[in-house]
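Since the structure comes first, as C-alpha cells, the remarks are kept for the end.
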Amino acid sequence: MIVVLCTLNPINPEMKKLIIALIVIASTSSVSFAQNVGYADINAILSVMPEQKKINEDLQIYGTGLQKRVDDLKAQLEGLVKNFNEVLAAGDTARALQLQEKGLEEDKKLREAAQAAEQQLAQKRNELLQPVLDRIRSAMAAVAKKKGFDYVLNSVDGSGTSIVLWGPDGHDITRAVVDELGIKLEGAESAPTQPAPTQEPAGKKKK
C-alpha cells in the first residue's frame, strides 16, 4: 500500500519517525488482511438462483395490489381537482375553498399511501429473499473455509456498481459459490475428456 502525506507545515524529526512507523504498520496489516479476504458478486449469484423467478412473480402480484390502492387514491384526488376547477369557474368561492381543503387532505393520504407501499414492497422482498440469502451465506462460508479466507466482501454496492477494481487471482469466489450451491450455469458444460493415446504393441511396425 502506498500512502502519500501532504502538509503545509514542516514535520519535526520525532513526528516524522512516528509517521513512518505508522505507515509500515498499516502496510503490513493491509497486506496480511488482503491475503485473507475474498469477494463475491451477490447480485450475480442471486440472478442465477432458481428461486429468483418465483420471488419476482410473487413481488409482481404483491406490488400490483399495493399499486391499486395508490391508483384509487390518485383517481379520487384528480376527481376533486376537476370538481374544484368547475366550482371555482362557476363563482362558488365558498364551495371551492371546501373542495380545496378536502383536496389537500386527499393529497396527503396519497403521498402517505405511496410511501407506505414502497416500504411494504421492500419488506416483502426482504422476507422472500431471506431464505435464499441464508443459502448463499452458508455456501459462501463453505467456500471461504476451503480457500482459507477469513472474510468475504460483496464486490458491488447497493446500486449494483462494482467496487472492486482489481484483485489477486483466486480471490473472486463468485463462481465457486454458485458451484457450491449446485447450480448448473447454462453453457458451462464441462470440457469433454480427451481419450488417452493408444500405444501399439511392442515390436509392431507402423505401415
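The values are calculated or read from the model by the stated rules, or taken from the named source; none is laboratory data. All figures in this text were calculated on a predicted structure; none of them were measured in a lab. Neighbour counts run over all protein chains shown; Cβ positions are idealised from the backbone, glycine included.
Odds and ends about this structure:
- Residue in the range 111-124 that is within 15 Å of residue 46 (Cα to Cα) and free of Cβ contacts under 8 Å to residues at least 12 places away in the same chain present: no
- Residue match in the range 75-94 (condition: in a helix (DSSP H, G or I) and in contact with a strand residue (DSSP E or B) (Cβ under 6 Å, 6 or more places away or on another chain)): no
- For first residues located in the range 39-61 and among the hydroxyl-bearing types (Ser, Thr, Tyr), partners that are assigned to a helix (DSSP H, G or I) and surrounded by 11 or more Cβ atoms within 10 Å (Cβ to Cβ) and lie 6+ apart or on another chain with Cβ distances below 9 Å form the pairs 39/174.
- Test result for residue 133, surrounded by 13 or more Cβ atoms within 10 Å (Cβ to Cβ) and either in a helix (DSSP H, G or I) or modelled with pLDDT of 90 or more (or both): yes
- Odd one out for residue 164, checked against (1) modelled with pLDDT of 80 or more; (2) surrounded by 10 or more Cβ atoms within 10 Å (Cβ to Cβ): (1)
- Exclusive hit being in contact with an Asp or Glu (Cβ under 8 Å, 6 or more places away or on another chain) and β-branched (Val, Ile, Thr), set 87, 48, 70, 37: 37
- If only residues of the range 103-119 that are surrounded by 15 or more Cβ atoms within 10 Å (Cβ to Cβ) and in contact with a Leu (Cβ under 7 Å, 6 or more places away or on another chain) are counted, the one that is farthest from residue 51 (Cα to Cα) is 103.
- Hey, residue 115 polar (S, T, N, Q), modelled with pLDDT of 95 or more and either over 30 Å from residue 60 (Cα atoms) or under 19 Å from the mean Cα position of the chain (by Cα) (or both) or not: no
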